[in-house]
Structure formats: C-alpha cells, structure tokens
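For reference, the structure discussed in these notes is given below.
The values are calculated or read from the model by the stated rules, or taken from the named source; none is laboratory data. Model, not experiment: these values are computed from the prediction. Every residue, glycine among them, receives a Cβ derived from its backbone with ideal geometry; neighbour counts consider all protein chains shown.
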Amino acid sequence: MLLRRFCFSTSKSYMNPFLPSSRSTNPLANSRSYPIFSSNFKTLRLGFHRTKSISSQGFVSVYSTNSTMDDPRGPEVVPIPHPDTSGRAGVFRALEASLGCTFSSQPIVPNPNPLIVVISGPSGVGKDAVIKRLTEVRENLHFVVTATSRAKRPGEVDGKDYFFVSKEEFVRMIEKNELLEYALVYGDYKGIPKQQIRDYMAKGCDIVLRVDIQGAATLRRILRNSAVFVFLVAESEEALVKRLIGRKTETVEALLMRVASAREELRHLKEFDYVVVNKEGDLEGSVKLLESIIDAEKAKVQQRRAII
Ligand SMILES: Nc1ncnc2c1ncn2[C@@H]1O[C@H](COP(=O)(O)OP(=O)(O)OP(=O)(O)O)[C@@H](O)[C@H]1O
C-alpha cells in the first residue's frame with residue numbers, strides 16, 4: 001500500500017515535482033511513504049521514458065527506456081539513504097542523483113504583480129483615516145498623493161496629504177496628459193499624477209488611489225479589471241453624518257450637499273469589487289479587511305496587471 005502511494009507520487013512529481021497541485025504527492029513532503037519500507041523489488045514509471053526501480057534496501061535504479069528488460073547496460077543503482085541515518089541533506093543529494101538532475105531553487109511562481117487598489121466612498125466615511133492607517137501597517141504600499149486645486153485644510157501638509165496647486169497649474173497638468181484621472185469636485189480640481197504611480201510600481205510597490213465615486217467610475221473605464229476597486233461605507237447614514245459633523249471641516253451648506261451626494265453615491269456600490277464597512281470606533285477592523293483583500297488578490301492565479 002505504501003509503495004503504491006509512492007509509485008503514484010513519483011511519476012507525478014517527476015513531471016513537475018514542485019507544482020502546488022502535486023505538493024501532497026511530492027515524495028520529499030511525505031517521508032512516511034518512503035520506498036525503503038517496501039519489501040519487494042518493483043518498477044515505477046517516471047514520465048514518458050524514464051523508469052525507476054526500488055529494491056527492498058531502498059536502492060533506486062534509473063533507466064532511460066520504458067522497460068528494464070531493454071537496457072543491456074543494466075540499471076544505474078543509486079542508494080537512497082534513510083533520513084534517520086543520513087539526514088535531510090543526504091537524502092536530498094541521493095534523490096537528485098537518482099533523478100539525474102538538481103532541484104531548482106528558483107521560485108515556483110513569480111512574485112505577484114504590483115496591485116492598484118482604488119478606494120472610494122462617500123465624503124466623511126473615513127477614506128483618509130483608513131488609508132493613513134493602512135500605509136502605517138503595511139509595507140511596500142504607496143498612497144498616491146493627489147493633486148488638488150482646493151485650499152489646504154488646517155493640519156494638512158503639502159506633498160503628504162495632497163499636492164496643492166493653483167487652478168492654472170492644474171490646467172497645465174491636464175494639457176500635458178500628466179494625470180491618470182481628474183475631476184472638478186465641489187468647484188475644485190482633483191487628479192492623480194501618472195508618473196508617481198509608474199515610479200512606485202517600478203519599485204514593486206502596491207498602489208493605493210483615493211478617489212470619489214465619480215473618479216472611481218472614470219478609473220474603472222480606464223483600468224477596467226487591472227485594478228481592484230473597494231467601496232468604503234459607514235454602518236449607517238446616521239453614523240456617516242455624525243462623523244462628518246465631528247470632523248468640523250464643513251459649513252452647514254457643504255454638509256447638506258455631502259449628505260445628499262452620499263445617498264446618490266450608494267447606488268454605485270455594484271460597480272465595485274469589494275465593500276468594506278468602516279464601523280464607528282473600528283478603524284482597525286476596516287484596515288484588517290483591506291489587508292485581507294490585498295493578500296487575497298496577491299494569491300490569485302490570474303493576476304491583475306495594470307499598465308499606466
Ligand atoms: N471607523 C471610524 N470610527 C470613528 N471615526 C472615524 C472612523 N473612520 C474615520 N473616522 C473619522 O471620521 C472623519 C471623516 O474621516 P475622513 O476625513 O477620513 O473621511 P473621508 O472619507 O476621507 O472624507 P472626504 O472624502 O470628505 O475627504 C474624520 O474625523 C475621521 O477621523
């Protein structure tokens with residue numbers, strides 16, 4: 001029974017010993033089915049034309065034809081020691097010798113592509129707060145600093161929160177095609193500089209873009225499925241309004257406008273890939289969920305590949 005399991009696994013793993021699908025059948029990963037415990041001299045087929053025999057002493061014979069009877073030179077005998085006596089390195093070398101090739105140390109799959117994460121949601125939902133924390137806890141993640149023509153709010157830093165530019169300068173950037181996306185929001189321009197994304201992607205960083213719903217729709221048209229789109233919501237309208245009031249940055253008119261927009265913006269939820277509920281007092285939970293989304297995207301077989 002043990003030998004039969006080994007027979008099956010050897011022929012599979014010889015074709016591609018390190019494919020994830022054959023991991024459980026990799027003879028190195030399952031020492032309990034080690035051939036030294038077999039009692040008879042049996043023949044195993046390896047791939048197309050390699051044949052292997054295992055004796056009761058754990059000796060492995062490798063042939064270059066399908067049949068052991070056809071080879072006048074007889075088998076090339078390579079002893080496979082037991083791991084208890086020769087250690088892992090000894091068994092490793094013996095396995096290499098018996099297969100007639102060295103095991104590759106190259107990564108089995110290439111590094112995942114840099115990912116573009118587009119985060120959007122109604123005003124005041126917590127996009128900035130969540131992204132700020134995400135960039136603190138996660139390495140190799142670059143939050144693209146948006147260019148804006150709006151005035152700086154108290155505490156905001158130029159080049160960190162936004163690139164604050166004049167309306168004239170912003171128009172020049174549009175004309176030179178330097179922006180991936182831009183929009184006029186509440187009378188002010190906001191846009192994403194392309195070069196910044198290219199530079200950080202070239203360094204292998206994932207990219208976080210923060211846009212309003214309108215911007216997300218434009219980016220979806222440009223990037224399609226090459227980026228992942230996340231919609232951030234509050235747990236209720238009530239929580240959202242309280243959060244906006246608490247920020248103390250809005251006039252009453254602006255508050256009313258933002259609340260009305262938030263209702264309309266919710267209709268666009270279905271255009272996103274993921275939704276994250278940013279619950280009151282649970283910023284960390286939202287950040288964790290975002291990290292899980294990024295991790296899952298990185299583990300995808302069919303990777304997204306954004307070209308800017
Ligand atoms: N989970 C949370 N619990 C409590 N307060 C939060 C939470 N997330 C964010 N906030 C607070 O809510 C307010 C609004 O958050 P933030 O400014 O990040 O929203 P925003 O979506 O970036 O808004 P805008 O689009 O208008 O810039 C801030 O005062 C922030 O500290």
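Quick rundown of the values:
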quantity	calculated
Selected residue (only one of ALA147, ALA129, ALA94 is over 28 Å from the mean Cα position of the chain (by Cα) and not aromatic (Phe, Trp, Tyr))	ALA94
Test result for LEU219, in the same structural domain as LYS132 (by TED's automatic domain parsing), closer than 19 Å to GLY124 by Cα and not small (Gly, Ala, Ser)	no
Extreme residue, modelled with the lowest pLDDT, among residues of the stretch 257-308 that are of a type in the set (A, V, I, L, M, F, W, C), touching a Ser or Thr at 6+ places or on another chain (Cβ under 7 Å) and within 15 Å of the ligand (Cβ to nearest atom)	ALA262
Any hit, the stretch 262-283, residues being over 18 Å from ILE131 (Cα atoms) and among the small types (Gly, Ala, Ser)	yes
Conditions (1) touching a His at 6+ places or on another chain (Cβ under 9 Å); (2) modelled with pLDDT under 90; number of the one not met by ASP71	(1)
Residues that are in contact (Cβ under 8 Å) with a residue 40 or more places away in the chain, assigned to a helix (DSSP H, G or I) and out of contact with any helix residue (DSSP H, G or I) (no Cβ under 8 Å at 6 or more places or on another chain), drawn from the stretch 281-308	ILE293, ILE294, GLU297, LYS298
Cross-chain or 6+ apart pairs with Cβ under 8 Å, the stretch 214-243 first and more than 30 Å from PRO112 (Cα to Cα), then surrounded by 14 or more Cβ atoms within 10 Å (Cβ to Cβ) and of a type in the set (Lys, Arg)	ALA234/ARG243; ALA234/LYS279; GLU235/LYS279; ALA239/LYS279
For ALA97: the one exception among (1) of a type outside the set (S, T, N, Q); (2) touching a helix residue (DSSP H, G or I) at 6+ places or on another chain (Cβ under 7 Å); (3) free of Cβ contacts under 8 Å to residues at least 24 places away in the same chain	(2)
Selection from the stretch 191-229 of residues that are over 20 Å from LYS270 (Cβ atoms), touching a strand residue (DSSP E or B) at 6+ places or on another chain (Cβ under 7 Å), surrounded by fewer than 20 Cβ atoms within 10 Å (Cβ to Cβ) and not hydroxyl-bearing (Ser, Thr, Tyr)	PRO193, LYS194, MET201, CYS205
Leading residue by the ranking (farthest from the ligand (Cβ to nearest atom)) among those in the stretch 101-148 that are of a type in the set (S, T, N, Q) and not in a loop (DSSP other than H, G, I, E, B)	THR135
In the stretch 110-158, residue farthest from GLY215 (Cα to Cα) [restricted to those that are assigned by TED's automatic domain parsing to the domain that holds GLU280 and of a type in the set (Lys, Arg)]	ARG138
Boolean, LYS167 is at pLDDT 90 or above and within 30 Å of GLY281 (Cβ to Cβ)	no
Extreme residue, farthest from GLY215 (Cα to Cα), among residues of the stretch 230-240 that are away from the ligand (no atom under 11 Å from the Cβ) and surrounded by fewer than 22 Cβ atoms within 10 Å (Cβ to Cβ)	GLU238
Tabulated pairs, the stretch 107-136, first closer than 30 Å to VAL241 by Cβ, second assigned to a loop (DSSP other than H, G, I, E, B) and within 12 Å of the ligand (Cβ to nearest atom), C-beta under 7 angstrom, 6+ apart or interchain	VAL118/VAL211; SER120/VAL211; SER120/ASP212; VAL125/ALA234; VAL125/ASN278; GLY126/ASN278; LYS127/GLY121; VAL130/ASN278
